[in-house]
1. Please specify each residue of region 1-26 satisfying the condition of being surrounded by fewer than 16 Cβ atoms within 10 Å (Cβ to Cβ) and of a type in the set (Gly, Ala, Ser).
2. Of all the residues that make up region 1-56, how many are within 26 Å of Gly89 (Cβ to Cβ) and touching a Gly at 6+ places or on another chain (Cβ under 8 Å)?
3. Would you point out the residue of region 1-33, among those that are among the hydrophobic types (A, V, I, L, M, F, W, C) and more than 13 Å from the chain's Cα centre (by Cα), that is farthest from Met116 (Cα to Cα)?
4. Looking at region 16-44, which of the residues that are among the small types (Gly, Ala, Ser) and modelled with pLDDT of 95 or more is farthest from Ala122 (Cα to Cα)?
5. Can you pull out every residue in region 45-67 that is over 19 Å from Ser113 (Cβ atoms), touching a strand residue (DSSP E or B) at 6+ places or on another chain (Cβ under 6 Å) and either polar (S, T, N, Q) or in a helix (DSSP H, G or I) (or both)?
6. When you scan region 38-51, do you find a residue that is free of Cβ contacts under 8 Å to residues at least 60 places away in the same chain, surrounded by fewer than 22 Cβ atoms within 10 Å (Cβ to Cβ) and aromatic (Phe, Trp, Tyr), even just one?
7. Which pairs have Cβ atoms under 9 Å, sit 6 or more apart or on different chains, and link a residue in region 1-13 that is hydrophobic (A, V, I, L, M, F, W, C) to one that is loosely packed, with under 13 Cβ neighbours inside 10 Å and assigned to a strand (DSSP E or B)?
8. Among the residues of region 104-112, is any at pLDDT 90 or above, in a loop (DSSP other than H, G, I, E, B), out of contact with any Gly (no Cβ under 9 Å at 6 or more places or on another chain) and farther than 21 Å from Asp35 by Cβ?
Amino acid sequence: MQRFRTNNPYEEKFGYSRAVRKGPFIFVSGTTSIDPESGELRYPGSAYDQANAIFDEIVRSVTALGGSKSEIVRVRMFVARDEDTSKVGDALRDALGGVGPAATMIVGARFVSSEMLVEIEADAVVLDQADHEAGEARATC
């Protein structure tokens with residue numbers, strides 16, 4: 001099993017990893033727009049910018065464990081306010097629209113800070129080239 005950690009203060013405080021890889025599966029923890037280096041929340045008040053930063057961090061986490069953006073298969077988005085759902089959806093489309101992962105959005109979430117508007121989890125499945133080719137063959141049948 002491989003683990004990826006950042007300098008996000010909550011990872012150390014609560015004892016979890018940003019992402020974990022077990023076999024071909026990568027699980028990315030709930031991620032907010034906290035800067036992993038400074039510990040400061042980025043883009044308070046902007047759900048779109050927070051979500052965009054989160055998707056960047058998710059892709060970075062998946063890549064650090066040997067995966068790629070195209071191997072992200074599922075995202076779960078937690079949004080604090082109803083009025084931000086379209087903005088978070090836009091960020092998903094802009095970040096992963098070409099990938100087309102399965103997605104869930106839950107509205108009305110409360111976070112550790114009132115300035116946090118979005119938290120996102122993601123899963124990826126890393127396949128070797130033979131698995132990719134077999135999957136493409138099945139998809140075209």
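The values are calculated or read from the model by the stated rules, or taken from the named source; none is laboratory data. Every value quoted in this text rests on a predicted model; they were computed, and no experiment measured them. Methodologically, a virtual Cβ is constructed for each residue, glycine included, from the backbone with ideal geometry; neighbour enumeration extends over all protein chains shown.
1. Scanning region 1-26 gives Gly15, Gly23.
2. The total comes to 2.
3. Across region 1-33, the extreme among qualifying residues is Met1.
4. Among those residues, the one meeting the criterion is Gly23.
5. Ile58, Ser61, Val62, Ala64
6. yes
7. Met1/Lys22
8. Yes, region 104-112 contains a residue that is at pLDDT 90 or above, in a loop (DSSP other than H, G, I, E, B), out of contact with any Gly (no Cβ under 9 Å at 6 or more places or on another chain) and farther than 21 Å from Asp35 by Cβ.
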